[in-house]
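Single-structure report; data block below.
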Amino acid sequence: MEIIDGKSLATSIREGLKSDVHKLKKKGVSPNLAVILVGEDKASQIYIKNKSKACLDVGINYEEFFLSSDTTMEQLLSLIDRLNNRDDIHGILLQSPMPKHLDINEAFRRISPEKDVDGFNPVNVGKLCLNQDGFVSCTPAGIMKMFEKYNIEIEGKNAVVLGRSNIVGKPMSLCLLNKDATVTICHSKTQNLSEITRGADIIVIALGKPKFLTRDMVKEGAVVIDVGINRTEGGLVGDVDFDNVKEVASYITPVPGGVGPMTVAMLMSNVVKAATRSIKNS
Ligand code: NDP
């Protein structure tokens, strides 16, 4: 069994990005990410702080736009329009969750696909679906990078994705399908879940249910990727019962130190990609 070290992999990716940023700056382009946060969600504030630290570390400029929780849709869309029109902004990130009166899908649609570094605009989702080059949601992109770096074979494997959210489960399934896995997507209405997971060579779990995946649900030698982040009284835990599942898995990601740091590294990578493309398009 090997524990996939997302933290050190993310560090090495960020080192590589530093030199890309340096080269871009020499060409007169300073990669710049705009982050919009609406409301006062505590977890979002922590995520944003981590992202800003990572940006600064890599040399990416970072502009924050904090909007109050009573912001109207018109105000939000008008900010997105302004950022879309600014040549010095290469990426726009809209932090979720947003207050319920705002339509997050409409907001994602409004972000220019060229600046959609989170890969949530339907144009980029469509490109992923068609296996064309675009921006891919950062968490699945980070997981695919882990598979690549650890030489984990995907082609022809039975991959089971637990969770069908637009930001993790669905794009994850498409990424695996695009690499020729046979993909099964499970959700809250799935029946005989354990039977399905026991047939999996690769399991990616993104439910938000602490220690949901237990040893008896995993085949000997399976690759187990834990996306879950759950704050419990015992600290931060994933969706996998790590201590027991690691006894049967061939590769497994820890929480923390697995998928999380890779998600942030992929965001940086997408901002650098957007800034590089802006030169080609100008
Ligand atoms: P969502 O709440 O949007 O989706 C959860 C999914 O789990 C849904 O598809 C739901 O099914 C399914 N589900 C819930 N209960 C069950 C069950 N008992 N059996 C089978 N399926 C179930 O979550 P997200 O995708 O946004 O996030 C999932 C987890 O990943 C969270 O812990 C989140 O914090 C974490 N996360 C971590 C990231 C990282 O970088 N490490 C990045 C993003 C998220 P249904 O659709 O039927 O309701």
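Throughout, read-outs are computed from the coordinates displayed, never taken from laboratory work. Since we're looking at a predicted model, the values are computed, not measured. In this analysis, Cβ positions are derived from the backbone assuming ideal geometry, glycine residues included, and neighbour counts consider all displayed protein chains.
Net charge near residue 124: determine it from the other residues with C-beta under 9 Å of the C-beta of residue 124, scoring Lys and Arg +1 and Asp and Glu -1.
On the way: positive: 127; negative: 116, 118.
Net charge in that neighbourhood comes out at -1.
Once label points are set 7 Å from the Cα along Cα→Cβ at both residue 100 and residue 46, what is their separation, rounded to one decimal in nm?
Here the answer is 2.4 nm between the modelled labels.
How long is the gain from residue 280 to residue 194 if the chain were fully straight, where each residue apart is worth 0.36 nm and the alpha carbon distance is subtracted?
Working: separation 86, 0.36 × 86 = 30.96 nm, distance 4.86 nm.
Computed gain between residue 280 and residue 194 is 26.1 nm.
Peptides 140-147, 217-224: what's the order by average Cβ count within 10 Å, highest mean first?
Details: 140-147: 23.1, 217-224: 20.0.
Most protected by this proxy first, the peptides run 140-147, 217-224.
Arrange the peptides 125-132, 77-84, 21-28 so that the one whose residues have, on average, the most other Cβ atoms within 10 Å appears first.
By packing density, highest mean first, the sequence is 77-84, 125-132, 21-28.
Among all lysine pairs in the range 68-186 that are eight or more places apart or on different chains, how many have alpha carbons less than 30 angstrom apart?
Going through the range 68-186 pair by pair, I get 22.
For the range 256-282 and the range 32-83, what is the centre-to-centre distance using only Cα atoms, to the nearest Å?
16 Å
Let's test the formula: R0 of 25 Å, r as the Cβ-Cβ distance of residue 18 and residue 88. What FRET efficiency results, to the nearest 0.05? Please list the in-between numbers first.
Working: r = 20 Å, r/R0 = 0.80.
With R0 = 25 Å, the Cβ-Cβ based efficiency is 0.80.
Over the range 75-120, what is the mean sequence separation of C-alpha contacts under 8 Å (at least six apart), divided by residue count, expressed as relative contact order in percent? Show your work: numbers first, answer last.
Values: 31 pairs, mean separation 22.6, N = 46.
Relative contact order comes out at 49 percent.
Can you find, among 8, 218, 112, the residue sitting farthest towards the positive end of the charge dipole of the chain, where Lys and Arg contribute +1 and Asp and Glu -1 at Cβ?
Result: 112, furthest along the dipole toward the positive end.
How much net charge surrounds residue 279 when only other residues with a Cβ under 15 Å from its Cβ are counted (Lys, Arg +1; Asp, Glu -1)?
+4
How do 150, 47 line up, fewest other C-beta atoms within 10 Å first?
On the way: 150 13, 47 20.
The fewest-first ordering by Cβ neighbours comes to 150, 47.
Relative contact order for the chain: what is it in percent, counting Cα pairs under 8 Å that are at least 6 residues apart? Walk me through the numbers on the way to the answer.
Details: 543 pairs, mean separation 62.2, N = 282.
Result for the chain is 22 percent.
By Kyte-Doolittle mean hydropathy of at least -0.5 and Cα axial length of at least 15 Å, which whole DSSP H helices of the chain are selected? Intermediate results must be reported in sequence, preceding the final value.
Working: long enough: 6-26 (30 Å, -0.77); 42-58 (25 Å, -0.35); 73-85 (18 Å, -0.09); 138-149 (16 Å, 0.12); 259-281 (32 Å, 0.52).
Helix filter hits for the chain: 42-58, 73-85, 138-149, 259-281.
Could you work out the local net charge near residue 270, counting Lys and Arg as +1, Asp and Glu as -1, over the other residues with Cβ closer than 9 Å to its Cβ? Don't skip to the end; give the middle numbers.
On the way: positive: 273; negative: 116, 118.
Net charge in that neighbourhood comes out at -1.
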